[in-house]
Amino acid sequence: MTSNRNAEASPRRRALLALAAAAALPFPTARADDDDHAHAHGRTGAPAGKDVLTVVGPWELTGLEPSRSGYMFARMEVAETLLDVDDRGGLRAGLASAWQASADGLQWRFTLAPGRRYHDGSPVTPASVAACLQRAHARPGVLRLADVRDIAASGMDIVFRLGRPFVPLPYLLTHYSTQILAPASFGARGNVAAVIGSGPFRITALSLPQQFDVERVADGGTSGARVRRARYISVARAETRTLLVRSGQADLAFSLDPPSIRALRSNPNVALMSAMLPRTTFIKLNAGHPLLADVRVRQAIALCVERRGIARALLRDPGLGATQLFPRSMAGWHDSTLPPLRTDPAAARRLLDQAGWQVAADGIRQRAGVRMALTLTTFVDRPELPLIAAALQEEMRQVGIAVRVVVGNSSDIPAGHRSGTLQMGLVARNFGNVSDPVATLLDDFGPGGGDWGAMGWRNAQSSGALARLAATQGDADSRRADRATVAATLQAELPVIPVVWYRQVCAASRRIAGASIDPFERSYRLSAVRWA
């Protein structure tokens, strides 16, 4: 029970007290089932010094495996991938300095840059890189999208042999699940026991799931103003992240909600940065469910969504209302000629009437004795999702659809997809996890659907267009036509219903300079930050 004194404390004071209490407690140490003895990196929890750049975000580290938490080790510039991408999504060198495909598209060669070393001093060799990629291919992940038959080292090259051509293969090798770790990273059972990468920073201490510390790898030419030590802390609540950056206890704060953004705009010690990301919040529908199989029902749900109102009221940015699945930041996929999604509750009611769903005395529709009641599942990792879910609940109620909102963990969505129990899920899908979205779209909207995409839905025209985009370079006009086919089919069939696009807003302390946002969320770009 909370005492009256604690209940009367100001929200800011309560948050500070909670943070102090958390800092005083030892963080849990990862055990063997969290990828062997993750505590090999050492323990954390000591207060950060003034020379430590502190990053706060909502994401917890659920293990050391690249497929689970590799994105955090990439963002903190600890681990690298074979290739990287620029701000426009184009390929650039990573651990590999050159790459090429054979004429038939069945063999790819990636040539390693010479002289690279892991953080334990051992050399980055073709054999060690090939071993990591073979391991990634053996596990669920993006490499499963390509028909990879063999991965081997040959001289300074890593050679992929494919069963069929797959044009986006180099882009798969920018994904965090394919990051390269030193042989010493792996325990006796083959699990990751320590994250020993080759990036500009190495891990000095780590405690799952809350935080880890890094320091810059000595290179002999680093300016004294550059950040040499940094810490990432998982902080679930957006208001707490805001408090930390306002109070000077954090230097970079990500995934801020609109109230936090408003609170920070007038703070002279904080600068706000923003960038449109290739991310869309949408309703994932189980199109195989008896209540959702009729496309008229899916169209009715799309018509009752107040996208611009949600964007204005909850995100404070009406321009983020999603008129189609692909945001304007996705050059080549956003189709300005596509008739935009609109809001028309009257048209939604007519469609439901045509589908045989009649309004009962309580205002909820029924058909053949079955009530139109659905569950919408979402999660708290992104603070705006529960708020958007509540708005959608009311909008659907107004056209006669009863919705129960369940707020849980992000893992509930793929788990519900795989078990077939998911009815509707509100998700924020990042189409930039692989900068060429063909691979992601194949996973989401291919014949079998995907954890974060279609469920109980397939379309031969869309699948054929995606297959052609993956299999052949083609000419520019044919690829443009295939992309347009995919966008138009998804707009008409609505296996997912777009709600809002996404703008990443990051708060940066004025004590640092040179911070910027990676539009593909691959890196926090610590190596470019300096002390102001």
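Observations on the model:
- Restricting Val359, Val370 to residues that are β-branched (Val, Ile, Thr), open to solvent by 30 Å² or more (accessible area, probe 1.4 Å), within 30 Å of Ser411 (Cα to Cα) and more than 32 Å from the chain's Cα centre (by Cα) narrows the list to Val370.
- Failed condition for Ala293, given (1) over 24 Å from Val505 (Cβ atoms); (2) assigned to a helix (DSSP H, G or I); (3) touching a residue at least 60 places away in the same chain (Cβ under 8 Å): (2)
- In the set (1) open to solvent by less than 30 Å² (accessible area, probe 1.4 Å); (2) over 21 Å from Ser177 (Cα atoms), Pro414 fails one condition alone, (2).
- Residues of segment 491-510 satisfying the condition of being open to solvent by 20 Å² or more (accessible area, probe 1.4 Å), modelled with pLDDT of 95 or more and not small (Gly, Ala, Ser): Gln491, Glu493, Arg510
- Of the residues examined, Asp353 is not one that is under 16 Å from Ile497 (Cα atoms) and surrounded by fewer than 16 Cβ atoms within 10 Å (Cβ to Cβ).
- Count - residues of segment 484-520 that are assigned to a helix (DSSP H, G or I) and touching an Asp or Glu at 6+ places or on another chain (Cβ under 8 Å): 3
Yes/no matrix, rows are residues, columns are (1) in contact with a Cys (Cβ under 7 Å, 6 or more places away or on another chain); (2) within 23 Å of Pro123 (Cα to Cα):
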| site | (1), (2) |
| --- | --- |
| Val148 | no, no |
| Phe166 | no, no |
| Ser177 | no, yes |
| Leu181 | yes, yes |
| Ala194 | no, yes |
| Arg202 | no, yes |
| Pro209 | no, no |
| Phe212 | no, no |
| Glu215 | no, yes |
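- Among the residues examined, Arg149 does not qualify as at pLDDT 95 or above, farther than 27 Å from Asp451 by Cβ and basic (Lys, Arg).
- A single member of Ala322, Ala346 is in contact (Cβ under 8 Å) with a residue 60 or more places away in the chain, of a type in the set (Gly, Ala, Ser) and either within 26 Å of Val406 (Cβ to Cβ) or surrounded by fewer than 20 Cβ atoms within 10 Å (Cβ to Cβ) (or both), and it is Ala322.
- Of all residue pairs spaced 6 or more apart or on separate chains, those with beta-carbon atoms under 7 Å, a first member in segment 387-400 that is in contact (Cβ under 8 Å) with a residue 24 or more places away in the chain and a second member that is of a type in the set (Gly, Ala, Ser) and surrounded by 21 or more Cβ atoms within 10 Å (Cβ to Cβ) are Val399/Ala300; Val399/Ala348.
- Selection from segment 464-477 of residues that are part of a loop (DSSP other than H, G, I, E, B) and either free of Cβ contacts under 8 Å to residues at least 24 places away in the same chain or on the phi > 0 side of the Ramachandran plot (or both): Gly474, Asp475
- Single match in Ala194, Ala127 (criterion: over 24 Å from Val434 (Cα atoms) and either crowded, with 17+ Cβ neighbours inside 10 Å or modelled with pLDDT under 95 (or both)): Ala194
- For segment 298-319, the candidate set comprises residues that are among the β-branched types (Val, Ile, Thr) and within 16 Å of Val496 (Cα to Cα); within that set, the residue that is surrounded by the fewest Cβ atoms within 10 Å (Cβ to Cβ) is Ile301.
- Scan of segment 282-306 for residues that are closer than 19 Å to Ala347 by Cα and touching a strand residue (DSSP E or B) at 6+ places or on another chain (Cβ under 7 Å), ordered by number: Leu291, Leu292, Arg298, Ile301, Ala302, Val305
- Restricting attention to segment 422-463 and to residues that are charged (D, E, K, R) and farther than 20 Å from Pro327 by Cα, the residue that is surrounded by the fewest Cβ atoms within 10 Å (Cβ to Cβ) turns out to be Arg458.
- Residues of segment 81-88 include none that is open to solvent by less than 50 Å² (accessible area, probe 1.4 Å), free of Cβ contacts under 8 Å to residues at least 24 places away in the same chain and in contact with a Phe, Trp or Tyr (Cβ under 7 Å, 6 or more places away or on another chain).
- Residues being surrounded by fewer than 16 Cβ atoms within 10 Å (Cβ to Cβ) and in contact with a Ser or Thr (Cβ under 8 Å, 6 or more places away or on another chain) - total across segment 387-404: 1
- The residues listed here are Ala96, Ala146, Ala103; of these, the one that is open to solvent by 30 Å² or more (accessible area, probe 1.4 Å) and either among the hydrophobic types (A, V, I, L, M, F, W, C) or closer than 22 Å to Tyr71 by Cα (or both) is Ala103.
- The number of residues in segment 106-118 that are within 14 Å of Ala184 (Cβ to Cβ) and either open to solvent by less than 20 Å² (accessible area, probe 1.4 Å) or under 27 Å from the mean Cα position of the chain (by Cα) (or both) comes to 1.
The values are calculated or read from the model by the stated rules, or taken from the named source; none is laboratory data. As the structure is a computational prediction, the values presented were derived from the model and not from experiment. Here the Cβ is made from the backbone with ideal geometry for all residues, glycine too, and neighbour counts use every protein chain on show. Quick note on the areas: whole protein, heavy atoms, side chains included, nothing else; ligands and nucleic acids left out. Shrake-Rupley method; radii C 1.70, N 1.55, O 1.52, S 1.80 Å.
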